[in-house]
Amino acid sequence: MRKVIILFAVVLFGFDVSAQVGGLSNSKLGALSVDVVGHHKVEFEPAFFHVVSKKAWNSEGNLDQIYGSADSAIHSTGLNFRITYGLWDKLEIGASLSTDLQMSNWGLRYILFSEKKIGVAVIAGANIPFKNKVVDKSIRIADNMTSLGGGAVMSMQFSENLSLDFNAQYMTFTKKVNDHLGGSYYFNADLGYYLFNHQLQLVGGLGYQGSSFDNFTSNVLTVYPGFTIETGNNYVIVLYAPFDIYGRNATKNSAIILALSLTIN
């Protein structure tokens, strides 16, 4: 029972992309791109999400009902807001905040080099909880602890319409978390193809993440299907429906996410 409590109190982050470096702009869905917000420009993005969880993978990778009944499920709905500021066309800094003000995500991205067909950037960030709730300091759970991390981003342009973004990240807590031995690692890749003169981008992505605990490890593989609509000069509409397809010691989640990215000169 103790292991089950730890699993659902901590490993629910398995789908939570806020556990990664946050506050940064994006050109697709789950994976970051090399591109940054333009010099002295601001990007503001409100995002709506709804997540449903009915089953969980055990240590053998088999699915079980979370509550023992197919009629019961965990539903999580909310809003996030992101503000990102660009400098010198090489650097951007930003922050993401949840509407309940329990967590903040801070990040920066710097372009190492960017050519016509390939580019590489580095990212770093911190996830800092505001603890806008009742907190027992004697229980160090992930939601109450600050984490730091970073990683690398690579973007490849195969043609005028076809591109690939890939990033790898590692995050670790600044203090020891109960039953959490080490950091967490994340790998994301998005393949996008533009239609209708770059007004519609179809995107398919994969995300893999894992973490180690005292007596077990948790990992999840997620598929990200969706699209972006870019019919205006100063905004992008993003809609996607990620869902988990494989895991161990983790919940199986599916979601719908809608975001609107606005560029302010």
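Quick rundown of the values:
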{"read-out": "Output for the stretch 82-101, where each listed residue is in contact with a strand residue (DSSP E or B) (Cβ under 6 Å, 6 or more places away or on another chain), over 21 Å from Val34 (Cα atoms) and not β-branched (Val, Ile, Thr)", "value": "Leu97, Ser98"}
{"read-out": "Top-ranked residue in the stretch 244-265 [being surrounded by fewer than 22 Cβ atoms within 10 Å (Cβ to Cβ), more than 21 Å from Gly78 (Cα to Cα) and among the polar types (S, T, N, Q); ranked as nearest to the chain's Cα centre (by Cα)]", "value": "Thr263"}
{"read-out": "First in the stretch 47-75 and surrounded by fewer than 12 Cβ atoms within 10 Å (Cβ to Cβ), second anywhere and of a type in the set (S, T, N, Q) and part of a strand (DSSP E or B), Cβ under 9 Å, 6 or more apart", "value": "Ser72/Gln65; His75/Ser53"}
{"read-out": "From Gly61, Gly22, Gly86, residue being of a type in the set (Gly, Ala, Ser), under 27 Å from Tyr194 (Cα atoms) and in a loop (DSSP other than H, G, I, E, B)", "value": "Gly22"}
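Where a number appears in this text, it was derived from the coordinates with a stated rule and is not lab data. These figures come from a predicted structure and were not determined experimentally. When we count neighbours, we look across all protein chains shown, and the Cβ atoms used for this are built from the backbone with ideal geometry, even at glycine.
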